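Written out below as structure tokens is the structure these notes cover.
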Amino acid sequence: MIHHERLRPPPHDYPADEWNIIERGFHPEFLAQLETMLSLGNGYLGIRGCPEEGGPNAENTTLINGFHETRPIVYGEEAYGFAKTGQTICNVTDSKIIKLFVDDEPLWLPKANILRYDRRLNMKAGTLDREILWETPSGKQVLITSRRLVSLANKHVAAISYCVTLLNAEAFVVISSEMATNGPSSQINGEDPRLSRAFSGRALYPRASYSKDRRIVLCHATERSRLTLVCAADTVLETSCTYAYKAVHAEDFGQVAFNIEARRGCPIQLTKYMVYHSSQTASVEELCGRAEWTLDRVVAHGFQEQLGSQAEYMEDFWRRSDVRIRDIREDRTKRTTVEIQQAIRFNLFHILQASARAEDTGVPAKGLTGQAYEGHYFWDTEIYLLPFLIYTSPQIARHLLTFRYKMLPQARSRAQQLGHRGAMFPWRTISGEEASAYYAAGTAQYHINADIMYALRKYVEATGDERFLRECGAEMLVETARLWVDLGFYSDAKGGKFCINAVTGPDEYNTVVNNNAYTNLMARENLRYAAQTVEKLRSTDPDAYTALVHKTSLDVSEVPAWLCAAQSMYVPHDDRLKIIPQDDSFLEKQPWDFSHTPREHYPLLLFYHPLDIYRKQVIKQADVILAMFLLDDAFTVADKKRNFDFYDPLTTGDSSLSSCVEAVIAAQVGDMDKAVRYGMAALLMDLADVGGNVKDGCHIASMGGTWMMLTYGFGGMRDSDGTLSFWPRRAPQDNAILRFPVRYRGQMLEIEIGADRVEYRLLGGECLVIRHEREEIRLTKEHPTAVRPVSRREVLSNVA
């Protein structure tokens, strides 16, 4: 279901373009949405797309991944085992501020007479570009061009090129390059739990501030989390006009102001270099030193070198990641195809910006485009984001799985606190400690353990990285398998089957239920993979097995217990409907009255008490359907169709994570109309502001889901049995060709799907064996291409 109707920007000012998000008019009413959409980031540093000069209601948000402050979680009624420490990402020093004054008149966009305005997110170059022609009240015309980047090659660096030219007169110009700390941050809406918590006082406390010529250095630290941040900026001015400058600084502010006697037609080129370094262990002096030597290097190399390294990074990214839609008709400029291509690249570009340099952290739910969800990491990363990264940027996927591995000590402690053996990974976190204050829709989502292990398996099978499995993955598998065996029990009431009670699945509208089907199915896979891995190490790598036993105190009797639980796992089934009930009680509930629910009352969680929702038959997001996608080879097409037909009308789509999964299953069961409808909802989630909340940040997991929708849904890719195979469908747009690359076991494969044929091309590597439906295809350097027909019948899947 898609319910939201929102105010849309005028199309003539926001034209479709395959490589750019373009804004051709200043519209303050859309500023918050555009700040999100035009954000720049690299996975470590994120800067929202606010104008350098500021603007009405502008959120001048700059974020460092993982840089957070903690607070006690206050409960009206305490209970044992509740999470104790909240964690909120901090809005750090804003260094991008550049204010312009012409004859002492400020450039303030809401009131300025703008003769020409063009701002664009250049997804090919990785920059935010702007050109403004401003006419001052006295009639002087001023051309301002700027280019902003957050470096992907140099994770600590951002830079702005800002050029001012008087076109028809002389004038006195002041350009003030500034930085400020402890500016306003997002406030929580008490009715919307998705938004960020506001700090009651300061979050950042001054530790050092100084200036050196045109360089300003500000150092701040948090009080409770004991994190330290240095922001340093250096400004270079190039012009033949006469000028002078003055630098000032305070604890929370720095400024270098240039007074320029501007001549007609004489460019004034200002370049601002910004550097961020953070640490929990380094001293203030060391961190300031790091920032300064980084600045020394980037200033010496200049802005053009930053642009060049950014272009190289982007070229490599698009070579291994770009999903292309091409119209095969004579009219190659069909607007719909261009819009789809723009949306695809917009989603992939923001995934890159959220993850590229997330080397010692996770990926926040909003990336670094906003503070909603408090900068926390969820299961979204493993289920929705990692598939794209595994098949296009496996090194980034490894970093993210390594980050989970580093949480293992805290996960063990959390499991013990909950009364379990093994490890329990946090539902939402920054530091590794559980930060969810609502256990019913947080801690009870035990499936996160299985989600992480599912991603581990996908990573190992797609990359062949057995070393990671030996050194990190096996230990996580042992501890998560232990938890499942401890959590569940063999129920006489269920014929001796292994049951898991009092858990919450992905659907947060049905909480603390018995035998959530998704949880049981994923736990079964977790147990099987753990047993398989341990047995493989024991028989083939005695040293690795011995090390594993040492790290985990593994007893040989545990493995058979895991297999027994997996083989006996209870999976609900209704013989009358021939579907898998979402949980033991789901079919007993009263159906939600959708016909009398106003469109404006979605998402339900903002308008109805949780108990009202929990006692009804209504779904926030795909749950059983998600399991059928992830565990593809365990279900027939007929199974998927019956379950999809039953659950689809009950799913509100109140979660951005639903549409992409529904699109995949719709494509697999042959319902291409719904596949396209849900696919477009996923694809346009942020670009068209489908949920009405893009102002709070991008939906990064949904963006990952769009890649899955295109590759697994329309591309028919399958990998759940450890072999790469394809059952291709048509492209999401009629008369179009869908083309995408996949990296598998070190080889680069490109798949091109047309109306009646599919072509497989080996772009890199020696030899790759894949399957087209059930036919094995061997691609080699000598014979790199294979062409097969696209089947028009329903996709057939392995019978369970």
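The values are calculated or read from the model by the stated rules, or taken from the named source; none is laboratory data. As the structure is a computational prediction, the values presented were derived from the model and not from experiment. Note that we place each Cβ from the backbone using ideal geometry, even for glycine, and neighbour counts take in every protein chain shown. Ligands, DNA and RNA are excluded from the accessible area calculation, which covers all protein heavy atoms including side chains. Shrake-Rupley method; radii C 1.70, N 1.55, O 1.52, S 1.80 Å.
Any residue in the range 623-630 that is open to solvent by 20 Å² or more (accessible area, probe 1.4 Å) and either at pLDDT 95 or above or not charged (D, E, K, R) (or both)? Within the range 623-630, not a single residue is open to solvent by 20 Å² or more (accessible area, probe 1.4 Å) and either at pLDDT 95 or above or not charged (D, E, K, R) (or both). I'd like to know if the range 469-477 contains one or more residues that are basic (Lys, Arg) and touching a residue at least 12 places away in the same chain (Cβ under 8 Å). Scanning the range 469-477, I find at least one residue that is basic (Lys, Arg) and touching a residue at least 12 places away in the same chain (Cβ under 8 Å), so the answer is yes. Would you say PHE425 is aromatic (Phe, Trp, Tyr), more than 27 Å from LEU710 (Cβ to Cβ) and open to solvent by less than 20 Å² (accessible area, probe 1.4 Å)? So PHE425 passes the test. Among the residues making up the range 123-149, those that are within 20 Å of PHE303 (Cα to Cα), open to solvent by 10 Å² or more (accessible area, probe 1.4 Å) and either modelled with pLDDT under 95 or not in a strand (DSSP E or B) (or both) are LYS124, ALA125. Taking the listed residues TYR570, TYR602, TYR647, the one that is surrounded by fewer than 20 Cβ atoms within 10 Å (Cβ to Cβ) and under 35 Å from the mean Cα position of the chain (by Cα) is TYR602, with no other qualifying. Scan the range 736-748 and give yes if some residue there is under 22 Å from ASP633 (Cα atoms), aliphatic (A, V, I, L, M) and at pLDDT below 95, otherwise no. No, there is no match, as no residue in the range 736-748 is under 22 Å from ASP633 (Cα atoms), aliphatic (A, V, I, L, M) and at pLDDT below 95. Given the structure, is ALA311 under 21 Å from LEU128 (Cβ atoms) and in contact with a strand residue (DSSP E or B) (Cβ under 7 Å, 6 or more places away or on another chain)? In short, no. Do you know which residues across the range 736-791 are open to solvent by less than 30 Å² (accessible area, probe 1.4 Å) and in contact (Cβ under 8 Å) with a residue 60 or more places away in the chain? If the condition is that a residue be open to solvent by less than 30 Å² (accessible area, probe 1.4 Å) and in contact (Cβ under 8 Å) with a residue 60 or more places away in the chain, then ALA736, ILE737, LEU738, PHE740, PRO741, VAL742, TYR744, MET748, GLY754, VAL790, SER791 are the ones that fit. For the structure I just gave you, tell me whether GLU285 is modelled with pLDDT of 95 or more and within 29 Å of SER211 (Cα to Cα). Yes.
Do the conditions hold for LYS140, that is, is it touching a residue at least 40 places away in the same chain (Cβ under 8 Å) and basic (Lys, Arg)? Spelling it out, it is not the case that LYS140 is touching a residue at least 40 places away in the same chain (Cβ under 8 Å) and basic (Lys, Arg). Residues of the range 352-395 that are in contact with a helix residue (DSSP H, G or I) (Cβ under 7 Å, 6 or more places away or on another chain), of a type in the set (Phe, Trp, Tyr) and part of a loop (DSSP other than H, G, I, E, B): TRP379 alone. Screening TYR712 on (1) at pLDDT below 95; (2) surrounded by 20 or more Cβ atoms within 10 Å (Cβ to Cβ); (3) hydroxyl-bearing (Ser, Thr, Tyr) shows it passes everything except condition (1).
The set of residues from the range 16-40 being more than 20 Å from the chain's Cα centre (by Cα) and acidic (Asp, Glu) comprises ASP17, GLU18, GLU23, GLU29.
Tell me, yes or no, whether the range 121-132 has at least one residue that is out of contact with any helix residue (DSSP H, G or I) (no Cβ under 9 Å at 6 or more places or on another chain) and farther than 30 Å from ASP322 by Cα. Taking every residue of the range 121-132 in turn, at least one turns out to be out of contact with any helix residue (DSSP H, G or I) (no Cβ under 9 Å at 6 or more places or on another chain) and farther than 30 Å from ASP322 by Cα.
You will find that of LYS616, LYS641, the residue that is under 20 Å from THR504 (Cα atoms), open to solvent by 10 Å² or more (accessible area, probe 1.4 Å) and in contact (Cβ under 8 Å) with a residue 12 or more places away in the chain is LYS616 and no other. Does the range 659-671 contain any residue that is acidic (Asp, Glu), over 18 Å from the mean Cα position of the chain (by Cα) and crowded, with 24+ Cβ neighbours inside 10 Å? The answer is yes, given that some residue of the range 659-671 is acidic (Asp, Glu), over 18 Å from the mean Cα position of the chain (by Cα) and crowded, with 24+ Cβ neighbours inside 10 Å. Against the criterion of being over 30 Å from ALA736 (Cα atoms), assigned to a helix (DSSP H, G or I) and of a type outside the set (A, V, I, L, M), GLU339 does not qualify. Within the range 150-164, is there a residue that is at positive phi and either out of contact with any Lys or Arg (no Cβ under 6 Å at 6 or more places or on another chain) or open to solvent by less than 10 Å² (accessible area, probe 1.4 Å) (or both)? No, the range 150-164 contains no residue that is at positive phi and either out of contact with any Lys or Arg (no Cβ under 6 Å at 6 or more places or on another chain) or open to solvent by less than 10 Å² (accessible area, probe 1.4 Å) (or both). Which one is nearest to VAL637 (Cα to Cα), of the residues in the range 574-586 that are open to solvent by 60 Å² or more (accessible area, probe 1.4 Å) and of a type outside the set (Asp, Glu)? Step by step, filter the range 574-586, then rank; the result is LYS578.
What's the total number of residues in the range 14-53 that are part of a loop (DSSP other than H, G, I, E, B), free of Cβ contacts under 8 Å to residues at least 60 places away in the same chain and open to solvent by 10 Å² or more (accessible area, probe 1.4 Å)? Result for the range 14-53: 4. Consider the range 502-538 and keep the residues that are within 29 Å of the chain's Cα centre (by Cα) and among the polar types (S, T, N, Q). The one that is most open to solvent (accessible area, probe 1.4 Å) is THR511.
No other residue among GLY705, GLY722 is open to solvent by 10 Å² or more (accessible area, probe 1.4 Å), touching a residue at least 60 places away in the same chain (Cβ under 8 Å) and either touching a Leu at 6+ places or on another chain (Cβ under 6 Å) or not in a strand (DSSP E or B) (or both) apart from GLY722. Just one residue in the set LYS246, LYS272 is open to solvent by 70 Å² or more (accessible area, probe 1.4 Å) and among the basic types (Lys, Arg); that residue is LYS246. Taken over the range 53-71, the criterion of being under 27 Å from the mean Cα position of the chain (by Cα) and modelled with pLDDT of 85 or more is satisfied by GLY54, THR61, THR62, LEU63, ILE64, ASN65, GLY66, PHE67, HIS68, GLU69, THR70, ARG71.
Where helices (runs of 4 or more DSSP H) sit wholly within the range 396-493, those with at least 3 residues that are touching a helix residue (DSSP H, G or I) at 6+ places or on another chain (Cβ under 6 Å) and over 22 Å from ARG745 (Cβ atoms) occupy 447-463, 474-487.
Only residues that are within 21 Å of CYS50 (Cβ to Cβ), outside any strand (DSSP E or B) and open to solvent by 30 Å² or more (accessible area, probe 1.4 Å) were counted across the range 84-106, and they come to 0. Would you call ALA397 surrounded by 24 or more Cβ atoms within 10 Å (Cβ to Cβ) and among the small types (Gly, Ala, Ser)? So ALA397 fits the description; yes. In the range 281-299, the residues that are in contact (Cβ under 8 Å) with a residue 24 or more places away in the chain reach residues that are of a type in the set (Ser, Thr, Tyr) and crowded, with 18+ Cβ neighbours inside 10 Å with C-beta atoms within less than 7 angstrom, at least six apart or across chains, in these pairs: ALA282/THR228; VAL284/THR228; LEU287/THR228; LEU295/TYR273; VAL298/TYR273; VAL299/TYR273.
The set of residues in the range 107-122 that are of a type in the set (D, E, K, R) and part of a loop (DSSP other than H, G, I, E, B) contains only LYS111.
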